[in-house]
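Read the structure below first, then the notes.
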Amino acid sequence: MNKIVIVGCGNVGMAYAYSLVVSGAAVDELVLIDINKQKAEGEVLDLYHALTYAPKTMKIKCGEYSNCKGADIVCICAGVGQKVGETRRDLLSRNVNVFKSIITEINKTKFAGVYLIATNPLDVLTYATMKLSGFKPSKVLGTGTTLDTARLKYHIGKKLKVSPKEIHAYVLGEHGDSEFVAWGNATFGGNLCADYFSKKEMEIISNDVRTSAYDIINKKGNTSYGIGMCLLKITNAIIHNQKTVLTVSSYDAKNDCYFSKPVIVGKSGVVKELYIKLNDSESKKLENSINSIKNDIKNVGLNNC
């Protein structure tokens, strides 16, 4: 029996819940937890009505932290949302405090599954979850640059007039302003994408990917559908033990921080790290991104948790 707990019934949490329902994901029980219990109860009712036309049924309930016991995945989407004009880093201190209260409550249960984090600033909060929970790093992962990578595939596919599903490319580093595209490894059909673009075109695509969230937030106030589908993709990799290669935010022991790189995701979380060859310029960008994340971790005192 597969059980998923979602903490936080905002735009991201509910996009994830809806994706689980309409896709017919192999979930037997879905538990929603929110500080606004009445909202969570309303979301449960709304999802139950959607189940009438969904591919499969599941038990959906408004729950408490005690319901984390026996869950395969606890996905934390709670926190202060990113507002117009804010960077993900602006949310840092506020959301670290939110996570401290959440993890403290979950620690009281016997939860032994996988933590999946979707709240910004993503990499720092995934690290915070690992430190505060005491879990093995491999069992704590964040959505990382899975959404940024999806955006990259969309833009490349649109330019090349190829399905984005046929593009093999990655956004690496921080899920934030220091992320970068590993153009040296971007391919489709065995061809290097870089051979089809000028340097200027690659810079434009990279910038469009990096600023997509700001553009969407400026226009509609939040991002939700894309990250909801990314959470579904990661969830399926875990509950089906698919051993899927994804750019989730995962722990790097050498640097004692979380950042996004290709890893294999399965039942126990991050199953294996993969080596990706970078050129000198990309290696410097990755180092800069890692240092940015480490600096944020230090500023909020998480190293000593």
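FYI, it's all coordinate maths here, none of it is from the lab. Computed from a predicted model, the values in this text were never measured in an experiment. Note that we place each Cβ from the backbone using ideal geometry, even for glycine, and neighbour counts take in every protein chain shown.
Some points to look at:
- Among Met229, Met58, Met130, the ranking by other beta carbons within 10 Å of each residue's beta carbon, starting with the fewest, stands as Met229, Met58, Met130.
- Mean residue ellipticity, 222 nm, helices only, the chain: the sum of -39500 (n - 2.57) across DSSP H runs of n ≥ 4, divided by residue count and rounded to 500, is -13500 deg cm²/dmol.
- Violating pairs (Cα-Cα greater than 30 angstrom) within the set Lys153/Lys294; Lys158/Lys219; Lys165/Lys272; Lys69/Lys165: Lys69/Lys165
- Prolate/oblate/rounded call for segment 146-304, Cα gyration tensor, a/c under 1.5 rounded: rounded
- Fewest-first ranking of Thr187, Thr126, using other Cβ atoms within 10 Å as the exposure measure: Thr187, Thr126
- Cα gyration tensor shape of segment 115-186, rounded if a/c is under 1.5, else prolate or oblate by comparing a/b with b/c: prolate
- Of Lys131/Lys284; Lys131/Lys298; Lys136/Lys243; Lys37/Lys61, pairs whose Cα-Cα distance is over 20 Å: Lys131/Lys284
- Among Ser163, Ser93, Ser19, sorting on how many other beta-carbon atoms sit within 10 Å of each Cβ, with the fewest leading, yields Ser163, Ser93, Ser19.
- Projecting the Cα atoms of Val5, Val209, Tyr196 onto the dipole axis of the chain, where Lys and Arg carry +1 and Asp and Glu carry -1 at the beta carbon, places Val5 farthest toward the positive end.
- Euclidean distance between Cα centres, segment 256-305 to segment 6-60, Å: 31
- Mean projected area of the convex hull spanned by the Cα atoms of segment 1-124, taken over all viewing directions: 7.6 nm².
- Check: the chain dipole with +1 on Lys, Arg Cβ and -1 on Asp, Glu Cβ, in debye: 360
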